[in-house]
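First up is the structure itself, then whatever we jot down about it.
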């Protein structure tokens, strides 16, 4: 190799066989690594086939992978934890490149590390080595001294941090010993090691220093190789699985559940055992970094219910890797002494418990926060589908599903009562008015719930005032099936509700639909197209905002309210509609909007979604937590654009005996009052 002007000898102070030993060890490491990856892939293959295309829009998938996996977009949303992770993550990348450059020069005999490039190389190596140690130290302090609730303190986490830290420290010490022994002219470029050299090696002879250097080099190598070999068997598997999870993310609309194709022939529509999850869901279980962000944002967890989205994923991963762990450590396996058979708990009832599965409101806060795009809602609803298929559901769920099947609404009220809200109003029906622009879908809450009937009447008055061409189905309307689907009754949803609605829409050639319920809105907009029902859907808050902007509605009367506005999960996080209801309210004189701490994308659920409207679960009431957040703004009213949310806030107001001082109002009611 040609001599260098500025540089250093690679493999300095190491005997000639060192490289041979190094590559022999590296071969063993690669074999263990490959075997571990293969075991992981085999575990994923136990899962069922995917029900959607995970390789469409390759350009978009690559863009999202670069943005979220490589660029760490969501990780950095949390400033302290994000910066700590960025230090470790960026150091890994840079130090990996540094190691590769050294290997290329040594193996290929091409001089790379020379001259000014070598100076830059050393600055980068020193700086990012320092960042690695800063990140490890920050992670230890954050996790073990000032731990946020969502972070774990597993022994594995501590071991990983200490091992990474030890690799970083020995890397610096190797360079420090080399500088102390050779005293190169450009030593100041290695500013950390150069500063440590006179402190750590003062008074030592040259022979002593080179002996220490050699021991440090081998120790560093063995720790680094050991860490690499264990990646497939530790949480560090998320390096690859997390990137794959982002790349293979769902391309469905955010608010759409994954359908079960050919539901009539499907023997296993849901999950009873871990292999009933799809291979992508199993891979995503390995992608989990245990960061706890999903748990931090979960309203059920905040209400002290049994659910933690993170634990759903981690328990799935533990079950998935059970065979791998037993093959490595047979003593971990529990065996029935009488039969000699392995003791395996029932996955969907003992590993994942019904109480935690039914606690989910499907609000999507967990998925919004997850840095590797794990699809928690699909996993939970798939387990619910398994419960329904096995007829193992809570009594409240069974009652609601029976009512939907028998009467076409979850209240179980007669179909003749569906138009009771229309008494005394000028209401055009589709059966009588053959031509209309919009079909107004009232929804079960708007039709049957006395409190929400007031919202329905307000919407009708606004539509008529604005001269909108509309009609409603009246007695031909039935439940859209949203709650049934989210409670796991996919058959009732697909074969009952969807088919009936599809026939009615085709009969009246419906092209545009107005909904007042975000749950109906989301179902028509994002899920009915899965079954050939494709209509333009507008939420009433958006239509009212547009009618005001067009001058067709003119709110002029002052409404003196201090209003805390609540974002419905199914209007907001599932469909990204945040500003329309605020803009409609903003056009009303006298209303002052007080934003809650958790608003828009970070809004907090009312507790009614995912079938929560019909269930009684252990823990605190989620709606009471949200109402307390509203009251902390100093408001004397809570605004919403969802009948479920309105019901939940009314319940909280009554619970606290505040009917005389606090109101719950829908956007339509406020605008109608101002007219």
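The values are calculated or read from the model by the stated rules, or taken from the named source; none is laboratory data. Predicted model only: the values in this text are computed from it and were never measured. Quick reminder, even Gly has a Cβ in these numbers, built from the backbone with ideal geometry, and neighbours come from all protein chains shown.
Look at the range 464-485 and say how many of its residues are buried (at least 24 other Cβ atoms within 10 Å of the Cβ) and touching a residue at least 60 places away in the same chain (Cβ under 8 Å).
Matching residues across the range 464-485 total 5.
What residue, of 510, 533, is part of a loop (DSSP other than H, G, I, E, B) and in contact with a helix residue (DSSP H, G or I) (Cβ under 6 Å, 6 or more places away or on another chain)?
Selected residue: 533, the only one of 510, 533 that is part of a loop (DSSP other than H, G, I, E, B) and in contact with a helix residue (DSSP H, G or I) (Cβ under 6 Å, 6 or more places away or on another chain).
Is it the case, given these coordinates, that residue 444 is under 23 Å from residue 362 (Cα atoms), modelled with pLDDT of 95 or more and not in a helix (DSSP H, G or I)?
No; evaluated as a whole, the condition is false for this residue.
Which one of the conditions (1) surrounded by 13 or more Cβ atoms within 10 Å (Cβ to Cβ); (2) farther than 25 Å from residue 14 by Cα; (3) touching a residue at least 24 places away in the same chain (Cβ under 8 Å) does residue 144 fail to meet, given that it meets all the rest?
(3)
Can you work out which of the residues in the range 75-91 that are surrounded by 15 or more Cβ atoms within 10 Å (Cβ to Cβ) and in contact with a helix residue (DSSP H, G or I) (Cβ under 6 Å, 6 or more places away or on another chain) is nearest to residue 259 (Cα to Cα)?
Taking the candidates together, the pick is 75.
Name the residue, out of 69, 103, 91, that is closer than 28 Å to residue 320 by Cβ and part of a helix (DSSP H, G or I).
69
Scan the range 32-48 and give yes if some residue there is assigned to a loop (DSSP other than H, G, I, E, B), touching a residue at least 24 places away in the same chain (Cβ under 8 Å), crowded, with 17+ Cβ neighbours inside 10 Å and within 34 Å of the chain's Cα centre (by Cα), otherwise no.
Yes - at least one qualifying residue is present in the range 32-48.
Condition first: surrounded by 15 or more Cβ atoms within 10 Å (Cβ to Cβ) and outside any helix (DSSP H, G or I). Now tell me which residues in the range 177-195 satisfy that.
Once the filter is applied, which keeps residues that are surrounded by 15 or more Cβ atoms within 10 Å (Cβ to Cβ) and outside any helix (DSSP H, G or I), the range 177-195 yields 184, 190.
Applying the selection to the range 205-229, what residues are within 30 Å of residue 316 (Cβ to Cβ) and surrounded by 15 or more Cβ atoms within 10 Å (Cβ to Cβ)?
227, 228, 229
Would you mention how many residues in the range 359-381 are under 8 Å from the mean Cα position of the chain (by Cα) and on the phi < 0 side of the Ramachandran plot?
Selection size over the range 359-381: 11.
From the list 388, 381, 393, which one is in a loop (DSSP other than H, G, I, E, B) and either out of contact with any strand residue (DSSP E or B) (no Cβ under 8 Å at 6 or more places or on another chain) or buried (at least 23 other Cβ atoms within 10 Å of the Cβ) (or both)?
Matching residue, one of 388, 381, 393: 393.
Please verify whether residue 198 is exposed (fewer than 15 other Cβ atoms within 10 Å of the Cβ), more than 46 Å from the chain's Cα centre (by Cα) and either assigned by TED's automatic domain parsing to the domain that holds residue 35 or farther than 24 Å from residue 28 by Cβ (or both), treating the condition exactly as stated.
yes
How about the range 556-579: which of its residues are over 24 Å from residue 610 (Cβ atoms) and either at pLDDT below 95 or in contact with a strand residue (DSSP E or B) (Cβ under 9 Å, 6 or more places away or on another chain) (or both)?
Within the range 556-579, 556, 557, 558, 559, 560, 561, 562, 563 meet the criteria.
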